[in-house]
Amino acid sequence: MTLHDTRPANATAAPGTPPETAALKARFRPVFDRIAEGALRRERERILPFEEIGWLKASGFTALRVPVEFGGSGASLVQLFDLLIDLAEADTNIAQALRGHFALVEDRLVAPRAEGARWLARFGAGEIAGNGWTEVGSVRIGETITRVAPTADGFRIDGEKFYSTGTIFADWIDTYATRADTGEPVIAIVATDQPGIERRDDWTGFGQRMTGTGTTVYTAAHVEPDAVVPFARRFRYQTAFYQLVLDAVLAGAAGAAVRDVSEQVRRRSRGFSHGSGTVVREDPQVLQVVGRARAFAFAARAATLEAARAAQTAYETSQGDDRAADDAANVAAEIASAEAQIVAADLALRATSDLFNALSASASATGLALDRHWRNARTAASHNPLIYKERILGDNAVNGTDPVYVWQIGRISG
């Protein structure tokens, strides 16, 4: 697939002055703290966070990017990802579960006003979306088995998706499909409250186990007439956006590990005879381990927010008529998100592993679940393989080659 010109002549107007970041943080901090309180129990007992996502909807968090006129906060992309990192520190699963939702909000924000307004009003009222893009099994690269076909009152959709992150919690599914009549790739926004939708909690990964990832089956499900959108009109910086959510998850995992290990060090009374001879919380080597990991978490956050600034520029140029500026902004956003991905993944994995050096064998107790931070980071870092992003960055630096904006996974013949 290639990058398309999605700039509509009558795009939804850019939101006004964003709210103060400090005010947003103060508003959502109590919700994040409440979510963090139950994170360990959810991990131990594998409890899906339906209730917690309900709190985020009720608080207006899921409407952060929705303009004020539609019931949202009108936040900038930098503010969105700053707060997503905060949420990921509370629970990385929930931050990633909202990945598809925030992407669809962004797409409808960039869409022509007549198309976007109805969806923005729904999102402003607290409705959320999940993701239905990837197909597994024998599907070849470039193929999409999921089909939408015209009917008398809209469309019918049939197919099966995996990695349906967040869909089990959602009111809508942002689904990639092919039109059966024209062969055109499209996005179908499918309501979940109908008998033709089956959502399975069958994700078996060792990390990010409560993201609601799994299988979604569409069997003659109904799609509203105006809920099928040509993929060519998708917002241009979408791959940068999707990656930024994962970068935020990685930064949040590192921050959460620093928080939890710091608490364990603070409370620890047992020490080693060949240590410093002081209580553990004053041991200079232990404090060095924690301090280094803290710096890693800080750098992962900083890299993610710097990349978010590039995405914000791409959003702003999408609202204008300067094609050259928009092209340049989209290249910059894609490059920046990849740079942040490599940095955030490396630093988060080092932080969540090295922190065990500040404790002892007791830190591996399953009751503490400190390993979840590494498992969650490792799982998030396995999306969009780092080796390909590193090559793309090098090719851009050396040869000026544009990054790959949209890609697929599937079986390769041969």
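The values are calculated or read from the model by the stated rules, or taken from the named source; none is laboratory data. This structure is a prediction, so every number in the text was calculated from the model and none was measured. We place every Cβ from the backbone using ideal geometry, glycine too, and count neighbours over all the protein chains shown. The protein model used for the area step is the full one, side chains on, heavy atoms only, and it has no ligands, DNA or RNA in it. Shrake-Rupley method; radii C 1.70, N 1.55, O 1.52, S 1.80 Å.
In the context of the full protein assembly, W374 retains an accessible surface of approximately 100 Å², using a probe radius of 1.4 Å and ignoring ligands and nucleic acids. Values (1) 1.00; (2) 1.06; (3) 1.33 are given for comparison; Cα Rg over 2.2 N^0.38 Å, derived from the coordinates here, is the one labelled (1). In terms of its alpha-carbon gyration tensor, segment 194-271 comes out oblate; a/c meets the 1.5 threshold, while b/c is at least as large as a/b. For segment 140-287, the dipole from Cβ point charges (+1 on Lys and Arg, -1 on Asp and Glu) about the Cα centre works out to 720 debye, to the nearest 20. Scoring 393-405, 227-239 by mean Cβ neighbours within 10 Å over their residues and listing the highest first yields 227-239, 393-405. Normalised by the number of residues in segment 303-412, the average gap of Cα pairs under 8 Å and 6 or more apart makes the relative contact order 26 percent. Here the accessible area of the chain is 53 percent carbon and sulfur, with a 1.4 angstrom probe and all protein chains present. For the pair N396 and L40, label points projected 7 Å from Cα toward Cβ lie 4.1 nm apart. With runs of 4+ DSSP H residues as the only contributors, calculate the mean residue ellipticity of the chain at 222 nm using -39,500 (n - 2.57) per run, divided by the residue total and rounded to the nearest 500. Only helices count here, giving -16000 deg cm²/dmol. Each of L287 and A125 was given a label point 7 Å from its Cα along the Cα-to-Cβ line. The distance between the two points is 5.6 nm. Peptides 353-363, 328-338, 120-130 ordered by packing proxy, namely the average of other Cβ atoms within 10 Å per residue, highest first: 328-338, 120-130, 353-363.
Solvent-accessible area per residue in the chain equals 42 Å², computed with a 1.4 angstrom probe and all protein chains kept. For K161, the aspartates and glutamates whose Cα comes closer than 19 Å to its Cα, not counting residues fewer than 8 places off in the same chain, are E135, E143, D171, D174, E184, D193, E198, D201, D202. Its relative contact order, with pairs defined as Cα atoms under 8 Å and 6+ residues apart, puts the chain at 19 percent. For the chain, the dipole from Cβ point charges (+1 on Lys and Arg, -1 on Asp and Glu) about the Cα centre works out to 1200 debye, to the nearest 20.
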